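What follows is one structure encoded as C-alpha cells, with my remarks underneath.
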Amino acid sequence: MRTPELNLAEPHPLYKIYIDTLGDVELLDMMQRQLGNFPEFIENIPDDKLLFRYEPIKWTTAQVLQHVIDTERIFQHRAFRFSRGDTSVLPGFDQDSYAEKSMVERRSKESIIEEYKTVRKSTLSLFANLDRSALENTGIASSVTWSVAALGFVICGHQKHHRNIIRERYI
C-alpha cells in the first residue's frame, strides 16, 4: 500500500503530520529502507551526544531514540490487534513517563541499535503478512480511529520526524 491510498481524513491531525513527512511511499519498502538506514544514523551519533539535552526540560538524545522504539512497539501492537478484528478500545500511553523510566542512559549505543532492529524486523514481519482487507481494518486507540495501514505509515513517519529533530537540535 502507498501513502496516497490512505483515507487522509482518517488519521488525527497530530498523527497526519508524520504521514505527510513521508511523501508518496510504499509501506513495506519504507519500513525496509529505514531498517537499513536508521541503525547507521544511530551509529553515527557521537557518544558524547547520547545524554545531551538541548534544553533542560527536553529528553536526551538516547531518550528520543528509545521513544521511537517504544512508540513503534505500541503502534505495532495496535496494528496487530486491529488487523485481527479486535474491537477493544485501546488506551493511550504517557510518553514522558516511558522516557523517564526507560533507563536508556545505562545502555550502550549498540544495545539501542539492536533493540531497534529487533522491533523493526517484527513490525516488518507483521505488515508483510497482512492483505489489503487487514490493512483497512480499523480500531480505536488513544481516542482516535486508526486503520492498520495508517498505523504502519505513522510508525515510519514518526521515526523520520524524530530523526530530523535529532539532526536539527541534538547533533
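Here are a few things to note about the model shown:
- For the chain: relative contact order, % (alpha-carbon pairs under 8 angstrom, 6 or more apart): 40 percent
- Viscosity 1.306 mPa s, 10 °C: Kirkwood-radius Stokes-Einstein D of the chain over Cα pairs, µm²/s: 97 µm²/s
- Rounded to 0.05, the FRET efficiency of the Phe52 and Gln32 pair, given R0 = 35 Å and the Cβ-Cβ distance, is 0.70.
- Sequence ranges 109-116, 63-70, ranked by mean other-Cβ count within 10 angstrom, highest first: 63-70, 109-116
- Taking 0.36 nm per residue of separation and subtracting the current Cα-Cα distance, fully stretching the chain between Glu43 and Arg107 would add 21.7 nm.
- Net +/- balance of residues flanking Gln34 in space, Cβ distance below 13 Å, scoring K and R +1, D and E -1: +2
- Rg ratio for region 20-66: its Cα radius of gyration over 2.2 N^0.38 Å, N being its residue count, equals 1.45.
- Over every Cα atom in region 123-171, the radius of gyration and the widest Cα-Cα span, Dmax, amount to 13.8, 42 Å.
- When the charge dipole of the chain is built from unit charges on Cβ atoms (+1 for Lys and Arg, -1 for Asp and Glu) and taken about the Cα centre, the candidate among Val119, Val25, Gln159 whose Cα reaches farthest toward its positive end is Val119.
Values in this text are rule-based calculations from the coordinates and carry no lab data. Predicted, not measured: the structure shown is a model, and the values here were computed from it. Cβ: placed from backbone, ideal geometry, glycine included. Neighbour counts: every protein chain shown.
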